[in-house]
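The values are calculated or read from the model by the stated rules, or taken from the named source; none is laboratory data. This one's a predicted model, so the numbers in the text were calculated from it and none came from an experiment. For neighbour counting, all protein chains shown are included, and Cβ atoms are generated from backbone atoms with ideal geometry for every residue, glycine included. Note: areas computed on protein heavy atoms with side chains; ligands, DNA, RNA excluded. Shrake-Rupley method; radii C 1.70, N 1.55, O 1.52, S 1.80 Å.
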Amino acid sequence: MYGHSYWLVKRGAVNIIEAMQTHPLSGLLVVSVEQAVAAPLCTARLADAGARVIKIERPGGDFARGYDAAVGGDSTYFAWANHGKESVVLDFDSDDDMAVVESMLEAADVFVQNLAPGALARRGLGSAQLRERHPRLITVDISGYGEEPPLDSKRAYDLLVQAESGVISVSGPPGELGRIGISLCDIGTGVTAHAAVLEALVARSITGLGTGIAISLFDVMAEWMTVPLALHEAGAPPRRVGLKHPSIAPYGAFATSEGTLTLISIQNEREWVRLCNEVLEAPDMAVDPRFDSNLVRVQNRAELESRLGEIISSLSRDEFQRRLQSASIAFGTVSDLDDLSSHAALRRREVISSSGIAAALPAHPVRFVGMTHGSAPQVPAVGQHSEEIRAEFAPAATGT
């Protein structure tokens, strides 16, 4: 049996239906050979929605376990992207362990891997090979630069792909390159892969057949770079502008009397007039021919920001933000991590580390109305579930 059919029989149809009322992917089995961030984050999203995720690890475990020890002894990235999963240690060079893998894949709905291209195919676990044996299986291959020459063997990590894809070239202040401060390529690829899996599950519900998904960090970032690339190829490449917008003004950070930064965003001429009249109390700016359209404001950005700076620096942050709120002008405080930690909009969820210590991490961004979630998920220790999984998926003995 495959997928939902397997779990409906094993757990009971009534229990699965009840579970799906709180976790929409209950009953799905996901098997993953994953490491680092992109693939683990994809499967973490599936686990959060109720799928059972079995993470196959090498004896030493996913190397992301060693990034730091800030979450109850677990690394931050590992706790974030691996809570709620089961960990089994298996050796692909062992015939007995490979038999357990095959048994799991016979029952699985989704198989995710981000090893080097071709590594699993050499062991008979390539995506095409698996779907031929298990037609309902959805396979996901995550790579750095795709699976075709000449870059299929090129090693890829987040900062390297930020550099290769041009993300760094449009980030940071003028005259200075800047890394995006989070693992943008890994995270973007993980959530994109998650969306693709959901699409494939919908397609399978119609056709009854699985599909292969191939996704690379570079492809995701290149697609996200559509606007800068299109502008470049049209002869108007964006410049690095720090806390400003390259093609909208005013859209940037301004210091108030205390020296703290508030970022404002003007998206249309109605907002510009309200900013001048109600916030800056400078109605002459609204009709100044140097500033009366976004096009000329961008052309005269230096004069514009000089005038804005003079007025805004005379106001306290509270007064400036009160006026912005009253005038329905979009703004945001330029927060540091202390500010984020106590932000009114920050929701948290409890996760239990592999050593049993509770930690409050930011909550999953998606909330299903009317659905509740169960107890705090746990981060698995290396091979924590090996014994149970080996027993559950032990191949049936055959007689002679």
Name, by its number, the condition in (1) at pLDDT 95 or above; (2) open to solvent by less than 90 Å² (accessible area, probe 1.4 Å); (3) within 28 Å of residue 107 (Cα to Cα) that does not hold for residue 387. (2)
How do the pairs read when you match residues in segment 326-344 that are hydroxyl-bearing (Ser, Thr, Tyr) with residues anywhere that are in a helix (DSSP H, G or I), using Cβ under 8 Å and keeping only pairs 6 or more apart or on different chains? 326/278; 328/271; 328/274; 333/317; 333/321; 333/339
Count of residues meeting criterion [without any contact (Cβ under 8 Å) to a residue 40 or more places away in the chain and either open to solvent by 20 Å² or more (accessible area, probe 1.4 Å) or among the polar types (S, T, N, Q) (or both)] in segment 130-150: 5
Which of the following residues is assigned to a helix (DSSP H, G or I), at pLDDT 95 or above, on the phi < 0 side of the Ramachandran plot and surrounded by fewer than 16 Cβ atoms within 10 Å (Cβ to Cβ): 322, 290? 322
Answer yes if at least one residue in segment 219-232 is at pLDDT below 95, β-branched (Val, Ile, Thr) and surrounded by fewer than 16 Cβ atoms within 10 Å (Cβ to Cβ), and no otherwise. yes
Give the residue, chosen from 123, 136, that is at pLDDT below 95 and closer than 26 Å to residue 210 by Cβ. 123
Could you tell me how many of the residues in segment 325-342 are closer than 20 Å to residue 255 by Cα and either open to solvent by 70 Å² or more (accessible area, probe 1.4 Å) or among the hydrophobic types (A, V, I, L, M, F, W, C) (or both)? 12
Flagged in segment 48-63 as of a type in the set (A, V, I, L, M) and at pLDDT 95 or above, in numbering order, are 51, 53, 54, 56
In the set 298, 273, which member is within 19 Å of residue 238 (Cα to Cα) and assigned to a helix (DSSP H, G or I)? 298
Residue that is surrounded by the most Cβ atoms within 10 Å (Cβ to Cβ), among those in segment 293-313 that are hydroxyl-bearing (Ser, Thr, Tyr) and within 15 Å of residue 253 (Cα to Cα): 313
Segment 259-282, subset free of Cβ contacts under 8 Å to residues at least 60 places away in the same chain and touching a Pro at 6+ places or on another chain (Cβ under 7 Å), residue surrounded by the fewest Cβ atoms within 10 Å (Cβ to Cβ): 277
Would you be able to say whether some residue in segment 204-213 is open to solvent by less than 40 Å² (accessible area, probe 1.4 Å), under 28 Å from residue 116 (Cα atoms) and at pLDDT below 95? no
